[in-house]
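Colleague: There's a structure below that I have some questions on.
We did not get these values from a lab; they are worked out from the coordinates using the rules stated. These figures come from a predicted structure and were not determined experimentally. Neighbour counts are summed over all protein chains in view; Cβ atoms, including those assigned to glycine, are modelled from backbone coordinates with ideal geometry.
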Amino acid sequence: MARDLSVRIGSLELPNPLIAASGCFGYGLEYDEVVDLSALGGVCVKGLFMTEREGHPPPRIVETPAGMINAIGLQGIGVHRFVREKLPLLRERGARVFVNVCGTTVDEYVEVSKVLSQAAGVSALELNISCPNIKEGGIQFGCSLMGTSAVVSAVRKATHLPIIPKLTPNVTDVASFARAAEDAGADAVSLVNTFLAMAIDVETRRPTITNVLGGLSGPAIRPIAVRMVWECAQDVKIPIIGMGGITNARDTLEFLLAGATAVQIGTANFVDPFVWSKVLAGLEDYLERHGIDRLSDLIGAFDPTPPTAVHA
Amino acid sequence: MPPLDVDATVMANRRLSRDYNVLTLSAAEIGTRTRAGQFVMVRPTGMTETLLRRPFSVFEIVRDARGAPIAITILNKRAGRTTNRLYEAEPGDRIACLGPLGRPFTAVSAPSEAWMVAGGVGLAPFATLAEALAAAGTPTTLFYGARSGQELFHLDFFDRLGVTLVLATEDGSRGERGRVTQPLDRALASRAPGSTMIYACGPEPMLAAVAEVAGRHQQPCEVSVERTMGCGMGGCYSCVIRVRHGAEAARFVRSCISGPVFDGAEIVWD
Ligand SMILES: Cc1cc2nc3c(=O)[nH]c(=O)nc-3n(C[C@H](O)[C@H](O)[C@H](O)COP(=O)(O)O)c2cc1C
């Protein structure tokens with residue numbers, strides 16, 4: 001029997017919980033030949049400002065144990081070109097489009113959101129208040145409770161679309177930010193964005209990437225991300241989209257059990273662009289083995305009873 | 001056509017020197033589709049020290065007696081963790097290969113001549129290009145530079161295809177001492193503008209020098225660049241290079257999908 005993998009984020013019904021993470025899937029169309037975009041729960045496109053941005057000079061990434069540090073610097077084509085050139089094609093393919101909205105000011109978040117709200121084919125706005133790689137905006141808002149509230153409530157007034165602030169893990173108490181977002185009218189929250197990080201080339205004693213600092217992603221961050229999702233799940237009622245180092249069905253289930261309604265996969269898509277169907281098959285297999293009909297029954301089903309001691 | 005992800009087996013590992021080796025990989029399907037200049041994203045299966053794949057030009061397409069592809073090879077030079085592992089690989093090891101990816105070279109035909117310029121491991125895309133040019137009957141020359149004569153590989157292969165060889169080594173142990181762009185520059189002096197397509201692959205300073213020489217002699221030039229790459233598919237925006245089309249402002253483009261082969265005149269070198 002086919003199992004039900006669908007999940008709900010507010011008014012959005014997704015056929016499964018897998019969403020391509022922003023910045024890790026281009027504008028989606030790059031993967032058109034290898035992935036059926038309509039078969040994904042959603043496609044979250046690269047962060048967009050009002051205007052084009054050139055990003056940081058390369059090298060922009062460095063590999064670290066079980067992960068990578070990136071400082072792309074939000075290179076992007078700007079919201080207008082996105083709406084003209086990419087959105088119609090994404091729509092044609094039946095993709096559920098999440099747009100990662102960026103801004104250097106509260107007004108810019110509002111303006112970008114307005115443009116996207118007037119365009120046909122956007123499913124939700126993910127507010128990027130957590131990018132560690134740009135000088136102004138972004139993480140400045142995400143690292144202050146007032147900044148988070150300010151961005152979310154301003155965008156709330158400007159759009160009917162679901163809004164999903166994306167939280168940074170570079171704070172002491174991430175759950176308080178989830179609460180601030182919920183109170184300001186967010187429909188869901190997504191977390192985590194990358195951890196601010198640094199790697200030095202000891203031979204040259206110089207930075208490994210031009211920007212010196214960047215964001216750490218990949219399996220290395222997963223246990224911390226799971227912990228943060230779990231903390232938020234206990235504090236807010238709105239759905240949580242969890243991410244950080246997911247590579248397979250097991251990792252996905254860990255986030256769902258911790259309380260995430262859906263997940264995003266970023267870095268693992270670089271390693272294997274065919275990861276999506278493998279994770280879906282793994283989820284089906286899990287439901288089969290555990291005799292569960294609906295994946296959504298597992299959301300938050302983590303059982304904190306201590307593990308049984310195993311004696312050698 | 002979509003790229004394929006092949007869980008290839010190492011069929012052979014030929015160590016050419018203390019740093020260079022050629023790995024034969026059972027990825028026949030990728031070989032069938034590869035055009036000269038395209039690349040594969042490679043990752044030793046089960047390797048835990050690194051996560052991301054690494055880009056490699058398809059070096060050779062190995063064929064059976066009837067000409068059907070049975071494998072591809074990659075030319076590897078050890079420099080980091082993945083390349084070390086690829087140098088040490090044993091027959092039977094498994095290596096994931098995603099490809100073919102990227103924009104290939106445009107092979108010219110007579111009366112135009114084809115001049116390939118390779119520096120070190122930059123030889124990699126020229127074996128398949130030389131075959132394509134030989135099949136088209138294009139007169140072809142290879143300008144090939146390396147640190148020493150011991151690091152000039154595969155000369156017989158190019159010789160058999162009828163490619164004229166011009167060699168240069170840094171230590172002067174074989175061919176001209178110094179950079180390969182010196183004999184290139186001299187030879188171009190006697191060529192009519194627009195008569196010679198120049199293809200280059202190697203370290204970026206060499207590519208910049210070749211593009212400058214080609215421009216000065218009014219010859220078309222294609223260069224294959226290698227930037228630190230994350231995904232090979234256009235997903236991550238890591239491998240960008242600054243390019244200027246005509247009168248447009250220069251901008252960063254992704255070398256994995258807009259390249260790795262570019263018009264040498266359009267690149268804005270660092
Ligand atoms: C190369 C790269 C680019 C990214 N760009 C963005 C971006 O534009 N906007 C954003 O909100 N997050 C961006 N992220 C963060 C990811 O969406 C995700 O939150 C993070 O990588 C953790 O997930 P992962 O471990 O599965 O990659 C980027 C991550 C990487 C690796």
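Colleague: Over all distinct alpha-carbon pairs, what is the Kirkwood Rh of segment B:37-167 in angstrom?
Modeller: 16.1 Å
Colleague: Give me the Kirkwood hydrodynamic radius of the protein assembly as shown, using the inverse of the mean 1/r over all pairs of distinct Cα atoms, in Å to one decimal.
Modeller: 25.4 Å
Colleague: Taking N as the number of residues in segment A:120-204, what is its Cα Rg relative to 2.2 N^0.38 Å?
Modeller: Working it through for segment A:120-204, the quotient is 1.21.
Colleague: Moving on to the next point. Quote the convex hull volume per residue of chain B, based on C-alpha atoms, as a whole number of Å³.
Modeller: Looking at chain B, the number lands at 130 Å³ per residue.
Colleague: Relative to the compact-globule scaling 2.2 N^0.38 Å, provide the ratio for the alpha-carbon radius of gyration of segment B:113-226.
Modeller: Against the empirical 2.2 N^0.38 Å value, I get 0.96 for segment B:113-226.
Colleague: What shape does segment B:4-101 have by the C-alpha gyration tensor, where a ≥ b ≥ c are the square roots of the eigenvalues, rounded means a/c under 1.5, and otherwise prolate means a/b greater than b/c and oblate the rest?
Modeller: Cα axes put segment B:4-101 in the prolate bin.
Colleague: Convex hull over the alpha-carbon atoms of segment A:21-145: what's its volume per residue in Å³?
Modeller: That works out to 126 Å³ per residue.
Colleague: So what's the Cα pair-distance distribution over segment A:162-291, bin width 10 Å, in %?
Modeller: 12, 37, 31, 15, 4, 0
Colleague: Of the candidates A:S144, A:S153, A:S130, which one comes out as most mobile in a Gaussian network treatment of chain A with C-alpha springs shorter than 10 Å?
Modeller: Between A:S144, A:S153, A:S130, it is A:S144 that shows the largest mean-square fluctuation.
Colleague: Calculate one ³J(HN,Hα) per residue across segment A:239-255 by plugging θ = phi - 60° into the Karplus curve 6.51 cos²θ - 1.76 cosθ + 1.60, and present them in order as whole Hz with x for glycine and proline.
Modeller: My calculation for segment A:239-255 gives x, 10, 9, x, 7, x, x, 6, 10, 7, 5, 4, 4, 4, 4, 4, 5 Hz in order.
Colleague: Okay, moving on. So for A:T51, B:T48, A:T159, fewest C-beta neighbours within 10 Å to most, what's the order?
Modeller: Lowest count first: B:T48, A:T51, A:T159.
Colleague: Something else: Would you mind estimating how fast segment A:7-298 diffuses translationally, via Stokes-Einstein at 25 °C and 0.890 mPa s with the Kirkwood radius over Cα pairs, in µm²/s?
Modeller: So the translational diffusion coefficient is about 131 µm²/s.
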